[in-house]
Amino acid sequence: MATILDGKQTSEKRLETLREAIAGSGLHPKLATVIVGNDPASQMYVRMKHKACEKVGIASVGVELPADATTRTVVDKVRALNRDGSVDGILVQLPLPSQVDTGRVINAISPEKDVDGYHPENMGHLFLGKPRFSSCTPTGIMTLLAEYQIPVAGARAVVAGRSIDVGRPMAALLLNADATVTICHSKTKDLAEELKRADILVSAVGKPHFITKEMVKEGAVVIDVGINQLEGKLVGDVDFEAVKEVASAITPVPGGVGPMTIATLMENTFRSAQERACDRVL
Ligand code: NAD
């Protein structure tokens with residue numbers, strides 16, 4: 001029976017430590033969120049991020065733009081936040097509506113305030129093995145693995161999914177931690193065979209019950225990033241009930257990776273505030 005990797009408890013512990021660190025720092029970190037349109041899931045994620053800010057003592061400001069906003073409007077807003085000295089972190093909630101050029105918006109974020117780590121400069125640092133900000137979901141997963149003392153160096157890690165926000169940075173972080181990494185995606189041949197080799201299996205595909213017991217090696221650590229609706233319930237990518245019988249450790253959905261993502265965003269925002277304060281002194 002697998003150990004349940006409790007992201008909720010771990011994130012609460014980290015948020016409390018962070019709250020104390022912020023209170024004792026003399027700094028007043030501030031996160032700005034930008035949301036375009038009124039997608040309910042995006043609105044919920046942004047609300048959760050603002051709530052976490054409140055919990056740890058990070059000020060937050062929310063910019064809301066209409067669903068028909070142009071790339072120009074979003075970029076201008078981001079640039080205004082870049083210039084605003086009181087803002088330490090900028091988070092643009094993805095996905096953006098189809099008329100908005102997501103790449104241009106991300107490129108417009110000042111790399112020093114890019115607490116989500118999507119800017120090419122930050123991605124570059126990450127892939128060079130010297131991350132500044134690395135995206136919150138994979139970074140939160142690495143924190144969770146460390147919290148449960150799961151060895152990564154030398155492990156065979158297989159990541160299903162190659163998105164910019166999860167799959168690719170996840171693979172880079174695992175590689176930086178000396179795992180032997182395979183990235184699988186929609187064109188991968190013999191996916192089950194690849195997955196079955198994993199000591200650490202990370203699924204970021206976005207399909208309910210996509211990872212079955214037959215795809216998981218006995219004793220593997222299974223990290224489920226997926227957030228899917230199935231018959232009115234929130235489920236991950238992994239067939240949790242069956243897979244927990246073969247895995248040595250597994251994240252639940254909800255209460256696994258999701259809370260770690262938010263805790264990491266808070267940590268990144270405070271780190272940005274610390275670095276910006278340091279730059280002002282130098
Ligand atoms: P995405 O749609 O950008 O990427 C999905 C990836 O899955 C793609 O790279 C694709 O190649 C791969 N894929 C699709 N079908 C496949 C198949 N049959 N075999 C192998 N690979 C396949 O999604 P994303 O942004 O990476 O998100 C993935 C999931 O994680 C979603 O459910 C999303 O809601 C969730 N998510 C959760 C968090 C969190 O904090 N828990 C954060 C981000 C995303």
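Taken together, the values in this text are just the output of simple stated rules run on the coordinates, not laboratory data. Computed from a predicted structure; not experimentally measured. Don't worry about glycine lacking a Cβ; one is built from the backbone with ideal geometry, like all the others, and counts go over all protein chains shown.
Dipole magnitude of the chain about its Cα centre, charges +1 at Lys/Arg Cβ and -1 at Asp/Glu Cβ only, in debye to the nearest 20?
Dipole of the chain, to the nearest 20 debye: 480 debye.
Which value, in debye to the nearest 20, describes the size of the charge dipole of the range 221-268 about its Cα centre when Lys and Arg Cβ atoms bear +1, Asp and Glu Cβ atoms bear -1, and nothing else is charged?
120 debye
At R0 = 22 Å, how high is the FRET efficiency between R19 and A80 if r is their beta carbon distance? Nearest 0.05 is fine.
For R19 and A80, the calculated efficiency is 0.15.
Hey, got the dipole for the range 25-130? About the Cα centre, +1 on K and R Cβ, -1 on D and E Cβ, debye to the nearest 20?
180 debye
Between rounded, prolate and oblate, where does the range 78-234 land on the alpha carbon gyration tensor, with a ≥ b ≥ c its root eigenvalues, rounded for a/c under 1.5, else prolate if a/b exceeds b/c?
prolate
Hey, can you rank 107-117, 50-60 by average C-beta count inside 10 Å, highest first?
With the highest mean Cβ count within 10 Å placed first, the list reads 107-117, 50-60.
Using only DSSP helix segments of four residues or longer, with each worth -39500 (n - 2.57), what per-residue ellipticity at 222 nm results for the chain after dividing by its residue count and rounding to 500?
Counting only the DSSP helices, I get -13000 deg cm²/dmol.
With respect to the cross-link table entries K189/K233; K13/K130; K130/K207; K8/K55; K49/K207; K8/K113, which display a Cα-Cα separation exceeding 21 Å?
K189/K233; K13/K130; K130/K207; K49/K207; K8/K113
Suppose we keep just the alpha-carbon trace of the chain; what are its Rg and Dmax in angstrom?
Answer for the chain, Rg first and Dmax second: 18.7, 56 Å.
Which order do the peptides 91-103, 200-212, 18-30 take when ranked by the mean count of other beta-carbon atoms within 10 Å per residue, highest first?
Result, highest mean first: 200-212, 91-103, 18-30.
What is the distance, in nm, between label points placed 7 Å from the Cα along the Cα-to-Cβ direction at K189 and at N38?
5.0 nm
Apply 1/(1 + (r/R0)^6) to the Cβ-Cβ distance of A153 and T212, taking R0 = 30 Å, and write down the FRET efficiency to the nearest 0.05.
My answer for the efficiency is 0.60.
For the ranges 229-237, 264-272, 217-225, what's the packing order if you count other beta-carbon atoms within 10 Å of each residue, average per peptide, and put the highest first?
264-272, 217-225, 229-237
Need the list of aspartates and glutamates near K213 for cross-linking: C-alpha distance under 20 angstrom, and skip anything on the same chain fewer than eight residues off.
D190, E193, E194, D199, D224, D237, D239, E241, E245
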